[in-house]
Amino acid sequence: ADKTEEITSHAVYGTLNAEGAPPGYIAGMDPRHPSLGMRILSVGEDILNTTEGESERAKRQQHFETLMNNFFPSAPGTYAVLRKLAGIAEGTEIASKTALECNQDFLNAISFSKGCYLGQELTARSQFTGVVRKRIVPVMIIDTEMEVPKPWVMASMIQELGTEEGMDKIFGLSDEDGEKKKLALTGYIPPPLPKISAPGAGSIVSMMMGSVAAPDQNPQDGSEELNKLRVQGEKLQIEIAELAQPGTSIIDKKDSRTIGKILSTPAPGTTVLLAQMRLDRLGLLGSEHKWSRTNKILIGDSNKEYRFLPFLPLWWPDIDPATGKEKEVVGE
């Protein structure tokens, strides 16, 4: 039976304590990944008798808000921002798409050893014999005049020069302290794109949009620069919010090929959105294409050029460049 109007669900971000839920509530860590926080269900009948509200759902919502205000500052809508920064697509964003294209194989949503479920045959065939050519990733859109943040500069160098030469250029492995650095980096293989947490992505966006000063910058000393960034950032956010509607194409200016489809509007206060992207155009599948920090794209029918900065959420595993699926660990 549909319990939508009888039970409310909530998310609490920033804690790993899912034990000892208060009376009337059931709590547990988000089964997709711990970085997504805690999920809570309001199920108790006593809540309805002690809270005012026009409907059962409204009473449960009010009770939860009152309870949380004792511990956390009010932040309505924060979950929607965090899940987009964390690269999680939900609801209509994943409609009519295969499970693997939506990263359900990375998020504890699929079992390949039991069934049965709708679409199992196609999902299993894709997993065991096919190649995943598109996946949903978080993408930051910036103006071509903006400075590309260092994580993407490093990723572009790794893709362009290869792991060994790229790391040499980034970390200076061939200088006089090179051997010490090589020893410290033994076994480290950098990802082909930046791997960034939701708070990390939010911090980068805030600095680029002039919302906060960089860690090494005195806000008072750079107030004029910050104001300039803030004005540019607000203008860019308005532009992207108007252009980046679900279903809109992302087109590579280099060859006029569609390399992705936008699935969500940008997270509020950012230019980060979710898009289903061709993995080869991200440098994650095959060797024909590389992602470059100097890329130029068009969004839909617009003639203005932008750059796209894709990144990998913390929950992404290492990807096999031959299959677009999680790389298998071969035992010794």
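The values are calculated or read from the model by the stated rules, or taken from the named source; none is laboratory data. Here the structure is a predicted model, which means the values were calculated and not measured. We place every Cβ from the backbone using ideal geometry, glycine too, and count neighbours over all the protein chains shown. The area values use the complete protein model at the heavy-atom level, side chains included, leaving out ligands, DNA and RNA. Shrake-Rupley method; radii C 1.70, N 1.55, O 1.52, S 1.80 Å.
State which residue pairs qualify: first residue of a type outside the set (S, T, N, Q) and inside segment 273-284, second residue part of a strand (DSSP E or B) and at pLDDT below 95 in any location, beta carbons under 9 Å apart, and separation of 6 or more residues or different chains.
That search, which allows pairs on different chains as well, returns 279/319; 284/319.
Would you call residue 39 in contact with a Ser or Thr (Cβ under 9 Å, 6 or more places away or on another chain), crowded, with 17+ Cβ neighbours inside 10 Å, in contact (Cβ under 8 Å) with a residue 40 or more places away in the chain and not in a loop (DSSP other than H, G, I, E, B)?
no
Take residues that are open to solvent by less than 50 Å² (accessible area, probe 1.4 Å) and under 13 Å from residue 140 (Cβ atoms) and tell me which of the strands (runs of 3 or more DSSP E) falling wholly in segment 232-322 contain 3 or more.
272-278, 306-310
Those residues that are under 19 Å from the mean Cα position of the chain (by Cα) and acidic (Asp, Glu), I need them from segment 232-285; list them, please.
280
Out of (1) touching a strand residue (DSSP E or B) at 6+ places or on another chain (Cβ under 9 Å); (2) part of a helix (DSSP H, G or I), the odd one out for residue 48 is which?
(1)
Quickly run through segment 93-105 and pick out the residues that are in a loop (DSSP other than H, G, I, E, B), touching a residue at least 60 places away in the same chain (Cβ under 8 Å) and open to solvent by 30 Å² or more (accessible area, probe 1.4 Å).
Hits for segment 93-105 are 97, 101.
How about segment 106-125: which of its residues are touching a helix residue (DSSP H, G or I) at 6+ places or on another chain (Cβ under 7 Å) and either of a type in the set (A, V, I, L, M) or loosely packed, with under 11 Cβ neighbours inside 10 Å (or both)?
110
Which one is farthest from residue 306 (Cα to Cα) among residues in segment 196-226 that are open to solvent by 80 Å² or more (accessible area, probe 1.4 Å) and either assigned to a helix (DSSP H, G or I) or at pLDDT 85 or above (or both)? Reasoning before the result, please.
First, the residues of segment 196-226 that are open to solvent by 80 Å² or more (accessible area, probe 1.4 Å): 215-216, 220-221, 224-225.
Adding the requirement that they be either assigned to a helix (DSSP H, G or I) or at pLDDT 85 or above (or both) leaves 224-225.
Details: 224: 25, 225: 22 Å.
Applying the filter and picking the extreme gives 224.
What tally of residues in segment 232-279 results from selecting those that are touching a strand residue (DSSP E or B) at 6+ places or on another chain (Cβ under 9 Å) and acidic (Asp, Glu)?
2
In the list 73, 31, which residue meets the criterion of being open to solvent by 60 Å² or more (accessible area, probe 1.4 Å), in contact with a Lys or Arg (Cβ under 9 Å, 6 or more places away or on another chain) and part of a loop (DSSP other than H, G, I, E, B)?
Only one candidate passes the filter, namely 31.
Can you find a residue that is touching a Lys or Arg at 6+ places or on another chain (Cβ under 7 Å), at pLDDT 90 or above and at positive phi anywhere in segment 37-55?
No: segment 37-55 contains no residue that is touching a Lys or Arg at 6+ places or on another chain (Cβ under 7 Å), at pLDDT 90 or above and at positive phi.
Within segment 51-61, which residues are part of a helix (DSSP H, G or I) and exposed (fewer than 15 other Cβ atoms within 10 Å of the Cβ)?
58 - this is the single residue of segment 51-61 that is part of a helix (DSSP H, G or I) and exposed (fewer than 15 other Cβ atoms within 10 Å of the Cβ).
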